[in-house]
Amino acid sequence: MSISDTTENAILNLVYSATTWANYAINASASPETNIVVALHTADPTDSGTQSSSETTYTSYARANVARSTGWTTSSAGSVSPAANIDFTAGTGGSGTINFFSTGKSGGGTSPILWSGGVSPTIAAGNGVTPRLTTATTITLD
Amino acid sequence: MLAHYANELVGYLEAVDVEGMRMLWGNVAPHMPLHDDAGMVVAIHMARTQTEAVRFKHRAYSHAWLIERGYPSLLPDEMKPRAHQIYPVISSGVGIAVRSKYEEVRFAVEGAMRDAVLDAEAAGRLTDAPFVKARMAEARSYAVKKLFGR
């Protein structure tokens with residue numbers, strides 16, 4: 001049993017781009033999330049974790065907001081990508097290797113994760129380093 | 001043999017002198033193939049990051065130059081924080097998030113896509129997003145076909 005490509009695309013478009021899944025689901029009408037929040041992690045936040053699990057702590061780090069309205073490509077073959085590079089604030093100190101990223105809900109703190117996965121190649125964070133997730137970043141549903 | 005040309009080598013590296021390096025390399029290793037100009041520039045920057053005799057500011061510049069173009073830098077890890085203070089860098093990575101009902105599928109597909117990204121980095125094309133995405137899609141498709149035959 002598997003999910004059809006059409007359904008995979010519909011789910012991803014609904015979640016990442018607030019696109020109605022015809023005859024099944026529409027974006028929340030009350031207080032809809034306007035952004036997908038992207039976080040960076042030094043270790044796998046795991047399926048049971050939150051966006052604060054193993055989150056990077058380099059100095060000046062902040063999560064990045066990517067708009068659901070325009071920030072993501074239309075899902076194709078069960079995958080979506082950011083429409084533009086996701087640049088995080090440049091480090092002004094600290095260190096740590098960024099191995100994972102997650103997408104989730106606004107609100108900060110222990111916000112729930114939508115999708116998470118690895119970062120390749122890993123990014124050595126620290127003073128003078130601006131971590132960037134390129135537009136090749138891919139979120140899939142198989 | 002290379003030690004005999006040490007002063008010239010450092011001079012050519014610090015000046016990013018493509019013709020000088022090509023001439024020197026032709027003398028030191030005439031049997032080895034030579035890069036084109038663009039390849040020589042990349043090779044010189046990689047050599048600058050690794051060569052202790054090259055002044056630090058030049059090594060730091062080459063480190064930033066390589067990182068921003070998606071090439072691996074050979075600057076030792078302990079020197080990178082100081083280099084980033086002089087030349088801030090944008091350090092790129094590709095996020096790969098795979099969701100499947102089956103953990104085995106997730107690991108196999110994510111692993112194949114990660115390998116595709118690392119291959120692109122080795123080819124100096126990490127920041128060429130359309131190229132990287134195409135290689136990742138191929139790897140994903142191949143991994144799924146191996147797992148499910150579809």
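Scanning the range B:122-138 for residues that are surrounded by fewer than 20 Cβ atoms within 10 Å (Cβ to Cβ) and touching a residue at least 40 places away in the same chain (Cβ under 8 Å), which turns out farthest from the chain's Cα centre (by Cα)?
Per the criteria, the residue is B:D128.
It is to be established whether one or more residues within the range B:98-117 are at pLDDT 90 or above and more than 30 Å from B:L147 (Cβ to Cβ).
No: the range B:98-117 contains no residue that is at pLDDT 90 or above and more than 30 Å from B:L147 (Cβ to Cβ).
Output the number of residues of the range B:77-93 satisfying the condition of being at the interface with chain A (Cβ under 7 Å from one of its Cβ atoms) and hydrophobic (A, V, I, L, M, F, W, C).
Just the residues of the range B:77-93 that are at the interface with chain A (Cβ under 7 Å from one of its Cβ atoms), to begin with: B:80-81, B:84-85, B:88-93.
From the residues that got through so far, the ones that are hydrophobic (A, V, I, L, M, F, W, C) too are B:89-90.
Of the residues in that region, 2 qualify.
Run down B:V89, B:V28 and say which single residue is of a type in the set (A, V, I, L, M), surrounded by fewer than 18 Cβ atoms within 10 Å (Cβ to Cβ) and touching a helix residue (DSSP H, G or I) at 6+ places or on another chain (Cβ under 6 Å). Spell out how you get there, then give the answer.
Numbers: B:V89 fails: surrounded by fewer than 18 Cβ atoms within 10 Å (Cβ to Cβ).
The unique qualifying residue is B:V28.
Tell me, which residue of the range A:41-53 that is buried (at least 20 other Cβ atoms within 10 Å of the Cβ) and not in a strand (DSSP E or B) is nearest to the chain's Cα centre (by Cα)? Before you say what the answer is, go through the steps one by one.
Start the filter on the range A:41-53 by keeping residues that are buried (at least 20 other Cβ atoms within 10 Å of the Cβ), which leaves A:41, A:45, A:51.
Next, only the ones that are not in a strand (DSSP E or B) stay: A:45, A:51.
Working: A:P45: 13, A:Q51: 10 Å.
Only one residue fits best here, namely A:Q51.
Restricting the search to the range A:15-40, which residues are hydrophobic (A, V, I, L, M, F, W, C) and surrounded by 15 or more Cβ atoms within 10 Å (Cβ to Cβ)? Quick ask: steps written out before the conclusion?
Our first condition is that a residue be hydrophobic (A, V, I, L, M, F, W, C); within the range A:15-40, this holds for A:15, A:18, A:21-22, A:25-26, A:28, A:30, A:36-40.
Across the range A:15-40, the qualifying residues are A:V15, A:A18, A:W21, A:I36, A:V37, A:V38, A:A39, A:L40.
Do you know which residues across the range A:69-82 are surrounded by fewer than 20 Cβ atoms within 10 Å (Cβ to Cβ) and in contact with a Ser or Thr (Cβ under 6 Å, 6 or more places away or on another chain)?
A:T73, the sole residue that qualifies.
Residues to consider are A:S95, A:S75; find the one that is closer than 16 Å to B:R99 by Cβ and not hydrophobic (A, V, I, L, M, F, W, C). Reasoning before the result, please.
Working: A:S95 fails: closer than 16 Å to B:R99 by Cβ.
Being closer than 16 Å to B:R99 by Cβ and not hydrophobic (A, V, I, L, M, F, W, C) holds for just one of A:S95, A:S75, which is A:S75.
The values are calculated or read from the model by the stated rules, or taken from the named source; none is laboratory data. Not measured: the values here are computed from a predicted model. Quick reminder, even Gly has a Cβ in these numbers, built from the backbone with ideal geometry, and neighbours come from all protein chains shown.
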